[in-house]
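Student: Encoded as structure tokens, here's the structure I'll be asking about.
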Amino acid sequence: MFEFLSKLFGGFEGSKSRAKERLRLVLVHDRASLSPGLVEALKEELIQVITKYLEIDEEGLEVNFDKGDDSVALIANIPVKSVKRSAR
Amino acid sequence: MGKVIVITSGKGGVGKTTTTANLGTGLAALGQKVCLVDTDIGLRNLDVVMGLENRIVYDLLHVVEGQCRLRQALIKDKQFGDRLVLLPAPQTREKDAVTPEQMKALTEELREEYDFVLLDSPAGIEHGFKNAVAGADTAIVVTTPEIAAVRDADRIIGLLEAAELYDPQLIINRVRPNMVRRGDMMSISDIDDILAIDILGVVPDDQDIIVSTNKGEPIVTDPKSKAGQAYRNIARRLLGEEVPLMNLQERKMMHWFKRLLSGEAQ
């Protein structure tokens with residue numbers, strides 16, 4: 001009864017959820033392209049963390065944002081040379 | 001030493017100038033000494049919102065170029081006299097006539113005398129924005145609950161950080177409670193989710209703002225206006241007082257109805 005009434009009196013989703021969804025997505029794009037330094041900084045720190053456990057080809061490391069129609073993914077391609085003995 | 005606060009938005013037309021005028025007047029009404037600086041060079045506006053357009057002799061450019069003394073260019077408010085003054089923007093010359101270094105020197109001088117120096121920034125992210133933020137300690141970002149304004153606010157927050165102005169505070173302007181209620185306008189918490197910065201205040205959309213601007217009298221001094229109340233609350237928060245955000249969400253009828261249904265009502 002209450003659910004029905006609250007639906008009737010404005011509980012359903014209006015256009016704002018579309019706005020919020022579109023805004024979220026556009027901001028991921030904006031924020032990613034805003035500072036070119038961001039990807040570099042991210043790369044640096046990724047290397048620092050990963051080299052604790054793995055020996056990687058730092059030159060071959062690639063980090064990109066892959067922008068689809070309704071999603072954005074962080075794609076990292078990290079060539080591994082070997083697993084560190086101490087990490088096993 | 002006074003505080004220097006820049007009021008900015010990225011997107012134009014969200015109410016920066018109205019906000020500056022009302023917060024300045026609100027702070028003066030609370031006994032503070034306030035100087036308002038219009039940094040929108042070439043597009044002077046704060047003077048008409050304050051109703052002081054007929055009193056301008058010198059402007060910001062005259063001051064930084066040394067053609068007059070700072071004191072001569074400051075226009076006293078109609079109501080608050082020398083407790084609330086305006087430094088108008090130059091109207092005619094090109095917008096890079098003033099440098100960020102000059103702005104910094106100017107605000108340093110003003111903060112000696114005033115408790116609050118409020119800088120009304122131009123829209124955009126170019127030279128005028130850099131001038132406006134140069135001398136500021138903190139920033140207030142004004143937005144409205146629409147997608148373009150929130151997007152630009154996000155961008156501005158990033159640029160403020162790049163200018164080493166951390167932790168800006170947000171004012172959400174022109175909220176329409178009935179639209180929020182039916183889910184056709186982003187709510188305060190929606191915007192909070194997205195921008196994730198401190199909310200300094202929420203101002204309801206109010207037709208009386210247009211009337212008060214027509215008259216050149218900031219609405220903050222109108223005791224009957226809801227928007228005026230919102231600005232008074234923000235002014236008190238700027239003085240460190242804890243004032244809860246205005247509740248724009250709940251319609252009294254609806255509240256009563258919910259309580260009735262959940263069996264709470266007597």
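Student: Rounded, prolate or oblate for region B:1-138? Axes are the square roots of the Cα gyration tensor eigenvalues, ordered a ≥ b ≥ c, and the cut-off for rounded is a/c under 1.5.
Tutor: In terms of gyration-tensor shape, rounded.
Student: Once amide H atoms are built 1.01 Å from N in the peptide plane, which residues 5 or more positions from B:Val175, or in another chain, come under 5 Å H to H?
Tutor: Correct list: B:Val203, B:Asp205.
Student: Additional query: Using a 10 angstrom Cβ neighbour count of at most 11 plus a DSSP loop assignment to flag exposed trypsin sites (Lys or Arg not before Pro), which longest range of chain B is free of such sites?
Tutor: B:70-223
Student: Additional query: Using a 10 Å cut-off around each Cβ, can you sort B:Tyr58, A:Tyr53, B:Tyr114 from fewest to most neighbouring Cβ atoms?
Tutor: A:Tyr53, B:Tyr58, B:Tyr114
Student: Classify the protein assembly as shown from the C-alpha gyration tensor, please: rounded if a/c falls under 1.5, else prolate or oblate depending on whether a/b exceeds b/c.
Tutor: Because a/c hits 1.5 or more and a/b fails to exceed b/c, the protein assembly as shown counts as oblate.
Student: Given a Förster distance of 22 Å, report the FRET efficiency between B:Leu245 and B:Gln207 from their Cβ-Cβ distance, rounded to the nearest 0.05.
Tutor: 0.50
Student: Right, something else. With runs of 4+ DSSP H residues as the only contributors, calculate the mean residue ellipticity of chain B at 222 nm using -39,500 (n - 2.57) per run, divided by the residue total and rounded to the nearest 500.
Tutor: Values: 12 runs with 110 residues, N = 266.
Here the helix-only value at 222 nm equals -12000 deg cm²/dmol.
Student: Go ahead and collect, in residue order, the members of region A:37-67 whose backbone nitrogen is under 12 Å from a label point 7 Å along the Cα-Cβ direction of A:Asn77.
Tutor: A:60-64
Student: Could you give each residue of region B:67-78 its phi-based ³J(HN,Hα) in whole Hz, using Karplus coefficients 6.51, -1.76, 1.60 with θ = phi - 60°, and x for Gly or Pro?
Tutor: Here the 3J(HN,Hα) series is 7, 8, 7, 3, 4, 5, 8, 7, 9, 6, 5, 4 Hz.
Student: Which ordering of B:Cys35, B:Cys68 is given by a fewest-first count of other beta-carbon atoms within 10 Å?
Tutor: The fewest-first ordering by Cβ neighbours comes to B:Cys68, B:Cys35.
Student: Mind checking region B:60-125 for GluC sites (Glu not before Pro) that DSSP puts in a loop (not H, G, I, E or B) and that have at most 11 other Cβ atoms within 10 Å? Let's see the in-between values first.
Tutor: On the way: sites: B:Glu65, B:Glu94, B:Glu101, B:Glu108, B:Glu109, B:Glu112, B:Glu113; in loops: B:Glu65, B:Glu94.
Passing sites in region B:60-125 are B:Glu94.
Student: Now for a different question. If the cut-off is a Cα-Cα distance under 12 Å, which aspartates and glutamates reach A:Lys20, setting aside same-chain residues fewer than 8 apart in sequence?
Tutor: B:Glu146, B:Asp184, B:Asp190, B:Asp192, B:Asp193
Student: Just how far, in whole angstrom, is region B:1-67 from region B:107-128 if you go by their alpha carbon centroids?
Tutor: For region B:107-128 versus region B:1-67, the Cα centre distance is 8 Å.
Student: If I take R0 = 30 Å and measure r between the Cβ atoms of B:Gln91 and A:Asp30 in this structure, what FRET efficiency does the formula 1/(1 + (r/R0)^6) give, to the nearest 0.05?
Tutor: Given R0 = 30 Å and the Cβ-Cβ separation, E is 0.35.
Student: Restricting the count to DSSP beta bridges whose residues both fall in region B:3-261, what percent are antiparallel, rounded to a multiple of 5?
Tutor: 10
Student: Go ahead and run the numbers for FRET between A:Thr51 and A:Ser17, Cβ-Cβ distance against an R0 of 35 Å, rounding to 0.05.
Tutor: Approximately 0.25, to the nearest 0.05.
Student: Once both axes come from the Cα atoms, what is the angle between helix B:100-113 and the longest principal axis of chain B, in degrees from 0 to 90, rounded to 10?
Tutor: Taking Cα atoms only, the helix is inclined about 80 degrees.
Since every read-out is calculated from the coordinates, none of them should be taken as a lab result. None of these values were measured; they are calculated from a predicted model. Cβ coordinates were reconstructed from backbone atoms using ideal geometry, including for glycine residues, and neighbour counts include every protein chain displayed.
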